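The values are calculated or read from the model by the stated rules, or taken from the named source; none is laboratory data. Just so it is clear, the model here is predicted, and its values are computed rather than measured. So basically every Cβ, Gly included, is an ideal-geometry build from the backbone, and we count neighbours across all protein chains shown. Just the protein is used for accessible areas: all its heavy atoms, side chains included, with ligands, DNA and RNA removed. Shrake-Rupley method; radii C 1.70, N 1.55, O 1.52, S 1.80 Å.
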Amino acid sequence: VLEGIPASSIERIEIVTNPSAKYDPDGTSGIINIVLKKNVKRGINGNIAATAGTGNLYTGSLGLNLRNTRFNLYGNYAYSYRDGYRNNFSDLYQYRGDTTIRLNQSRYGSDLNITHTAKIGMDVYLKDRNTLYWSIAGNAGERTRLGDQVNIRSTNFAGNTEQWNRQSEEPNTSKNVDFALGYKWDLKDDKGSLDVNAYQSLSQGTDEGFYTQRYDYPSFPATDQRLHSREANDFTTLSLDFIRLLKNKMRTESGLKMIQRNMTLRSSSESLDTTGAFVPDTISKYDYKYLESIYSAYGIIGGQYKKIRYQAGLRAEYSIQNPNLMSSNQSFRNEYFNLFPSATVRYEVKKGMEFSLGYSRRINRPNSGNLNPFTSYADPYNLRSGNPALRPEYIHSIDLGVDYNSKKFTVAFALYQRYTSHVIQRVKVFYPNGTSNGTFANIDNSVSSGGEIVMQVRPYQIWKNMLSFNGN
């Protein structure tokens, strides 16, 4: 979806390191808010754009907008073509007593990605500060990855004991359509607003893999495998947000939100037998269903007292994750309740200069793939599986900042620290036969400390210079 947004339609991008309780707490470091342009010109307006870049990157977009005092009707389309590479190199050593096993893998390949994105929507301006809006968006993509991997395996550094070549072709397709419906009521005298939104996303995709493996030595039989999978997603969001401006420069915000994710994934595989026919096998045969439900409510109070601006909020959230491997009758349920506080204080030292202090608690949930317990044998020496018992990461984030703004110069300096518990890590489990399985686990805690400086100089209205540094 991000690749389908043309740069010309973006008004600005906001980096919020400690977002308020209004926003979902997902993510380790905060949120990125992409604000799109909204055409306020009346009449018919349009735009067309095209870009080309090195590395076979081409994009194009066009948009049309019709606006009057009663409604705003808009539509746009974007195309993206990217032909990249898919190279990977690995040198892995396993030590078992007096035995050392080395596996060296070198892969060269290509990665072609083509996407089409379209959207149509309408804002209807009703009487008495009421607005009704809807939109329909669609995305279709094709991706083909090719790879030629050379594998060399040796024992105790005694020369190559095995060498083989594995060729792969992995085409996939994806389609999705998104429906959005919303209503906004602005209170009198700019005293606040009420927003009600409903969002529905439906998507489906196919993944295929064609693998051919030939041995240079020893003379093991060649293998030919085919993998097929089909995925479908149903994603629903309902939300209500209410903002009320009070006396003495105080403000309250509150809201409710429900998120439902329902995914199904069916995969099958087959191998070439001695008669030259492809027959079903168990390398990648499973039926996986994943259901996630998140129910949340939040409240925020903010205001200003003399030179101090403040905001504090709390978000309560109840979550359920159900990864189910139907093909082996494995069912799991992860259920948890959390509170996510956040607070920010800003002090204006003088005009254009502020000190700020912020804190938030966040969460990084394992996704459906991390939780899928099925073991993939697509690469016989590097197996992959998920961990259905995986728990979320929890992040405590605090930052201290100084901002200075003048007509021609801006500087922002910040120090931050993040403490993460139940860190999700990739784990490799090694087996005596020289194979390994890559999975996930909650391992230990982590602390990240750092600083950031962003400077901007504007000697003229048409000339802007920026310098940034981040170290941790």
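The table that follows gives values for the structure above.
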item	result
Label zone at Leu357 (point 7 Å along Cα-to-Cβ), backbone N below 20 Å, the range 13-51	17-21
Cα→Cβ-extended label distance, 7 Å offset, between Phe469 and Ala389, nm	4.6 nm
Inter-site label distance for Tyr93 and Phe278 at 7 Å from Cα along Cβ, in nm	4.1 nm
Cα-Cα over 19 Å, subset of Lys249/Lys307; Lys191/Lys307; Lys188/Lys257; Lys37/Lys175	Lys191/Lys307; Lys188/Lys257; Lys37/Lys175
Carbon and sulfur %, accessible surface of the range 401-464 computed with the full protein complex present, 1.4 Å	59 percent
Solvent-accessible heavy-atom area per residue, rounded to whole Å², over the chain at 1.4 Å	58 Å²
With every protein chain in place, the range 173-240: carbon and sulfur % of accessible area (1.4 Å)	56 percent
Length released on extending from Phe332 to Thr212, taking residue separation times 0.36 nm less the Cα-Cα span	39.7 nm
Of all accessible heavy-atom area on the range 256-316, the percent that carbon and sulfur account for (1.4 Å)	60 percent
